[in-house]
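Accompanying notes for the structure given below.
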Amino acid sequence: MTRAFRRNGTDVKTIVIGSGDPDRLARRNLASSGQKRGPLLTVREWEADAYQQASLAYDLRLAVLDRNGAVLAEQTAQGNETLPARATESPGQAVRIACRKALDALLSKADIRKALQ
């Protein structure tokens, strides 16, 4: 996921937050980091299967927060896809490509890009 942010020109500082109250923890970590703003990616569902037939199910929320935790922009993306593997790629490669596309689609939204600048 970090690579998707970097591909889209975002300087990334990864903070892993466990279960519990991730929004509150993210806001606190952003405030203490000294950054003016930061993305918060919430993964509500992420199921990838590359065993027999490649598939990906996901439910993502991307919010850009200011240093006080206020939401500057927010987008969601959901999908449940069976991925046709081309003859030149394995099911695992098809899943990785689909993951990349899902994240890139969120990051390319105009309001997200503007809020990250």
Per DSSP H run of n ≥ 4, the term is -39500 (n - 2.57); total these for the chain, divide by its residue number, and report the mean residue ellipticity at 222 nm rounded to 500 deg cm²/dmol. -10500 deg cm²/dmol
Quick one: Debye curve from the C-alpha atoms of the chain, no solvent, what's log10 I(q)/I(0) at q = 0.14, 0.23 Å⁻¹? -0.62, -1.29
Rounded tilt (10° steps) of 22-33 against the dominant C-alpha axis of the chain: 60
Using θ = phi - 60° and Karplus 6.51 cos²θ - 1.76 cosθ + 1.60, couplings along region 101-106 (whole Hz; Gly, Pro as x): 5, 4, 5, 4, 5, 5
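Every read-out reported here was derived from the displayed coordinates using simple, explicitly stated rules and does not represent laboratory data. Computed from a prediction, not measured in an experiment: that's the story for all the values here.
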